[in-house]
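Working notes, structure below.
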Ligand code: ADP
Ligand code: MG
């Protein structure tokens with residue numbers, strides 16, 4: 001093992017020890033083996049490629065999607081005394097030529113480059129003549145259409161690497177890699193037998209819970225009454241939701257404030273300050289709130305609505321308990337949240353880089369991720385386990401710190417009901433949705449069942465003795481499984 005990495009860690013970064021996962025990723029790159037590093041935001045991925053870049057001979061390239069990220073990192077490196085530069089569209093052409101000229105002279109150890117640049121003649125000309133020892137792909141999920149921020153230009157990375165005279169070692173890094181994204185990463189970036197590490201997602205001090213009660217407001221009020229001196233965030237799906245909930249809480253005497261993108265800059269700033277300094281310790285907000293806030297004593301994150309996917313949920317819930325003390329993450333689920341999210345997915349036109357076809361694919365995958373989020377709300381297994389598995393971290397199946405682990409479920413045999421459900425769905429050629437299926441099973445005589453002649457179905461009224469609520473639970477369980 002390389003001792004020098006500790007020297008670099010100390011002299012350049014001022015740290016004494018590595019965090020979970022970092023060391024083996026660094027060792028692998030130094031030994032010439034590709035890596036795939038999956039760690040949550042803030043875990044320290046940059047160091048995993050920067051330290052090898054400083055120890056390997058020659059130049060290292062870092063492919064990064066965001067100009068602001070590149071600028072920050074390059075500034076930090078130069079402050080540490082490492083010669084680094086970035087090449088992206090924020091440079092004028094003369095500036096770009098100059099930087100490339102210096103790069104050719106071997107002035108930089110680390111060069112950050114935007115993916116669009118890689119296959120341009122100027123850059124290729126430099127790259128083939130330089131001795132590149134490492135290509136690090138940051139935010140590597142951008143290569144996958146399963147990821148949240150698909151960037152078609154990331155697909156050029158493997159072609160770029162192939163056009164080099166000698167293949168450098170390649171490292172891919174991301175914070176969000178579900179199984180699908182991880183497989184895509186490895187395949188699409190053509191990593192060679194990569195050492196893969198998925199670490200650091202578990203936050204042991206967070207308690208997770210899902211509630212299905214109808215009266216969300218009463219629940220939230222009760223929670224706040226039971227935790228009068230705590231600070232926390234309540235996330236709502238829409239601005240309107242924020243307005244309404246905040247109003248009600250204020251009317252009921254809670255020290256709430258609000259945050260969403262529809263407010264003026266001044267109000268957003270003032271409200272965030274009031275929350276940060278505990279003048280108004282209860283923040284009601286949309287997902288616009290949270291980026292860059294660094295409040296360590298957030299004791300709870302309540303979700304008044306279910307977010308659109310597990311990535312969003314884990315990021316938002318993860319704002320609780322930064323100080324390491326226990327904090328609660330409670331999601332208040334209702335079926336309506338699924339519908340709201342479906343509506344958002346169909347209406348999303350944000351990414352202008354995508355063609356119609358790609359957009360259709362992205363939507364398809366968004367729907368899939370919404371499904372996984374919904375299953376989280378219905379599973380009876382350990383919630384933490386479900387989440388960690390989603391992020392690729394496999395471990396124990398009982399955490400003792402979530403509502404499922406702490407609940408004694410009544411186990412009932414649902415074989416007969418499940419058989420009837422599946423039978424009913426199949427004999428109706430899978431043409432009907434959940435509500436209709438449940439109506440048929442219960443033998444409803446409503447307009448739709450009669451008009452479509454569904455009372456002729458073999459399974460009609462086969463479960464007429466069960467409550468709709470129970471049948472729905474069973475169906476949700478089957479879908480989650
Ligand atoms: P990521 O890219 O994974 O979101 P960064 O690479 O930006 O995270 O690192 C987040 C912060 O953690 C940075 O301030 C970095 O200096 C710090 N950090 C990284 N590794 C260590 C370490 N071994 N010890 C202490 N701090 C670290
Ligand atoms: Mg990073």
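The values are calculated or read from the model by the stated rules, or taken from the named source; none is laboratory data. These numbers were taken from a predicted model, which means no experiment stands behind them. Please note: Cβ atoms are built from the backbone with ideal geometry, for glycine as well, and neighbour counts cover all protein chains shown.
What to note about this one:
- Scan of segment 136-153 for residues that are farther than 27 Å from residue 372 by Cα and away from ligand 2 (no atom under 16 Å from the Cβ), ordered by number: 153
- The test for being at pLDDT 95 or above and buried (at least 16 other Cβ atoms within 10 Å of the Cβ) does not hold for residue 185.
- Scanning segment 28-49 for residues that are touching a strand residue (DSSP E or B) at 6+ places or on another chain (Cβ under 7 Å) and either more than 20 Å from residue 4 (Cα to Cα) or surrounded by 18 or more Cβ atoms within 10 Å (Cβ to Cβ) (or both) turns up 28, 29, 34, 35, 36, 37, 38, 45, 48, 49.
- Flag for residue 383 being in contact with a helix residue (DSSP H, G or I) (Cβ under 6 Å, 6 or more places away or on another chain), within 17 Å of residue 315 (Cβ to Cβ) and surrounded by 14 or more Cβ atoms within 10 Å (Cβ to Cβ): no
- The set of residues in segment 151-179 being within 13 Å of the chain's Cα centre (by Cα) and more than 16 Å from ligand 1 (Cβ to nearest atom) consists of 178, 179.
- Out of 20, 7, 105, sole residue that is under 22 Å from residue 392 (Cα atoms) and surrounded by fewer than 16 Cβ atoms within 10 Å (Cβ to Cβ): 20
- Of all the residues in segment 461-471, those that are modelled with pLDDT of 90 or more and buried (at least 19 other Cβ atoms within 10 Å of the Cβ) number 2.
- Residue within segment 140-153 that is in a loop (DSSP other than H, G, I, E, B), surrounded by fewer than 14 Cβ atoms within 10 Å (Cβ to Cβ) and out of contact with any strand residue (DSSP E or B) (no Cβ under 7 Å at 6 or more places or on another chain) present: no
- Of all residues in segment 7-39 being more than 7 Å from ligand 1 (Cβ to nearest atom) and within 21 Å of the chain's Cα centre (by Cα), the one that is farthest from residue 312 (Cα to Cα): 35
- Counting the residues of segment 154-200 that are in contact with a helix residue (DSSP H, G or I) (Cβ under 6 Å, 6 or more places away or on another chain), away from ligand 2 (no atom under 16 Å from the Cβ) and assigned to a strand (DSSP E or B) gives 2.
- Residue in segment 242-259 that is on the phi < 0 side of the Ramachandran plot and within 21 Å of the chain's Cα centre (by Cα) present: no
- Looking only at residues of segment 57-71 that are over 24 Å from the mean Cα position of the chain (by Cα) and surrounded by 19 or more Cβ atoms within 10 Å (Cβ to Cβ), we find that the one that is farthest from ligand 1 (Cβ to nearest atom) is 59.
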